[in-house]
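In what follows, a structure is listed as structure tokens, so that the remarks can point back to it.
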Amino acid sequence: MDAPTTTTSAGDVPAGLRGVVITTTELGDVRGEEGFFHYRQHSAVDLARTRTVEDVWFLLHRGHLPSAAELAAFRAEVAPLRVLPPALADVLPALAAAGGSPLAGLRTALSLLGAAEGAGPVLDLTPEQRAADALRVCALVPTVLAALHRTRAGLPVVAPRDDLDAAGNWLWMLTGTPAPQAHVRALRRYLVATVDHGFNASTFTARVVASTGADVVAAVVAALAAFSGPLHGGAPDRALAALDEIGHPDRAAGWVRDQLAAGRRVMGFGHAVYRTADPRSVLLRETALELGGELAERAVAVEDRVVAALAELKPGRALHANVEYYAGVVLATCGVEPGLFTPTFATSRVVGWCAHVLEQAADPRIIRPSARYTGPAAPVPVP
């Protein structure tokens, strides 16, 4: 169903700016009618099947997939940047004790990092300096999130290892034990598939802040704020909770009817862009089945019944499982707690945010849209 429109002096604008092109990008695209998305010239799904997060990080930030030598040099460059700096290590207990979500703690930690390390406005920096700031933030985000989680749980912080890639390091820093290769491989697919995804709300937020000339850290903190919303990055745990609530697949159709009758969203289904199957969901469904287990089998059975019920109750709408539905299944099977689903998502998406910040920083124009006023007629005399 098409989005409602708002009439402006420039014509009819879809609500939420759905489909409105506001700039150009060389980083990738989402072709919703085809069920396809890509990072630069490569299929994102193909990259998820064959490459690591570091490969794609290099691709988005430096323009091409690395050779073996370039990848080794890049990993050596990133390794020391992953280590938790004293300025953050000292405040971890306070951040953990403050409560709130891990993303809330991360926002605070990154703000402190920007102040402690003197992150400068991108407007005043050379491209090389901006890239260095972006590299630092991308490398450090997983370490901070894992450290916050373990500190809150009363466990010692686990330092990253130089011999592990991003997926292996994430599971290592969360648990302190080497993860099975099947779990590392599955998580690697998930992380690569979620590095970037067009001009979603958090990416657009990062670019808006970068367009003001603010520093890289400020843009990422703003993106995190947008990302924390349950309609964006905060959805995977809710989708898994819905799957648990449904329980047996035979209850799925009735559950969907109850949700729609109550005016609630069916979490894990439908997407703002895709009009066919979400390719990330297709990849993660395959990955979940490769991992095996009762949860994956039940998720597939429930998905089929939910899609059928939605087709009956909302004819004309293309409502398929989205990335959040199977993300929860894959992450749970890999031993990631539901409260860490969105932080796990953030450990990869920060790479995409920073790539967009760097691209936006090369354009000196500020993003400054307009709104149509709908309040009382003005001017009215002040009493």
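No lab work stands behind these numbers, since they all come straight from the coordinates. Every value quoted in this text rests on a predicted model; they were computed, and no experiment measured them. Positions of Cβ are backbone-derived with ideal geometry, glycine not excepted, and every protein chain shown enters the neighbour counts.
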Could you give the distance between the Cα centres of the stretch 159-229 and the stretch 324-359, to the whole Å?
6
Among 239, 93, 143, whose Cα lies farthest out toward the positive end of the dipole of the chain, if unit charges sit on the beta carbon of Lys, Arg (+1) and Asp, Glu (-1)?
239
Report the calculated FRET efficiency for residue 260 and residue 18 (r = Cβ-Cβ distance, R0 = 30 Å), to the nearest 0.05.
0.90
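Where the convex hull is taken over the Cα atoms of the stretch 236-333, what is its projected area averaged over directions, in nm²? Walk me through the intermediate numbers first.
Working: hull surface 22.2 nm².
The orientation-averaged projected area of the Cα hull of the stretch 236-333 comes to 5.6 nm².
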Two pseudo-spin positions, 7 Å from Cα along C-beta at residue 67 and at residue 314, lie apart in nanometres by 5.0
With +1 on each Lys and Arg Cβ and -1 on each Asp and Glu Cβ, and nothing else charged, work out how big the dipole of the stretch 236-333 is about its Cα centre, in Debye to the nearest 20.
480
Note to self, the chain gives a 222 nm [θ] from helices alone (DSSP H runs n ≥ 4, -39500 (n - 2.57) apiece, / all residues, nearest 500) of -17500 deg cm²/dmol
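Once R0 is set to 51 Å, what does the formula 1/(1 + (r/R0)^6) return for the Cβ-Cβ distance between residue 380 and residue 124, expressed as a FRET efficiency to the nearest 0.05? Could the numbers behind the result be given before it?
Numbers: r = 44 Å, r/R0 = 0.86.
E(calc), rounded to 0.05, equals 0.70.
Which value, in debye to the nearest 20, describes the size of the charge dipole of the chain about its Cα centre when Lys and Arg Cβ atoms bear +1, Asp and Glu Cβ atoms bear -1, and nothing else is charged? All intermediate terms of the calculation are to be shown ahead of the outcome.
On the way: 34 positive and 38 negative charges, 118 e Å.
The dipole magnitude comes to about 560 debye.
Could you tell me which helices of the chain pass both thresholds, a Cα extent of 27 Å or more along their own axis and a mean Kyte-Doolittle hydropathy of at least -1.0, with helices taken as whole DSSP H runs? Don't skip to the answer; put the middle values down first.
Values: long enough: 127-152 (37 Å, 0.18); 294-313 (28 Å, 0.63); 341-361 (30 Å, 0.45).
Result, helices passing both filters: 127-152, 294-313, 341-361.
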Within the chain, longest stretch free of exposed trypsin sites (Lys or Arg not before Pro) [DSSP loop, at most 16 other beta carbons within 10 Å]:
19-160
Tell me, what are the semi-axes, in whole angstrom and largest first, of the equivalent ellipsoid of the stretch 1-152 as set by the roots of 5 times the Cα gyration tensor eigenvalues?
33, 24, 17
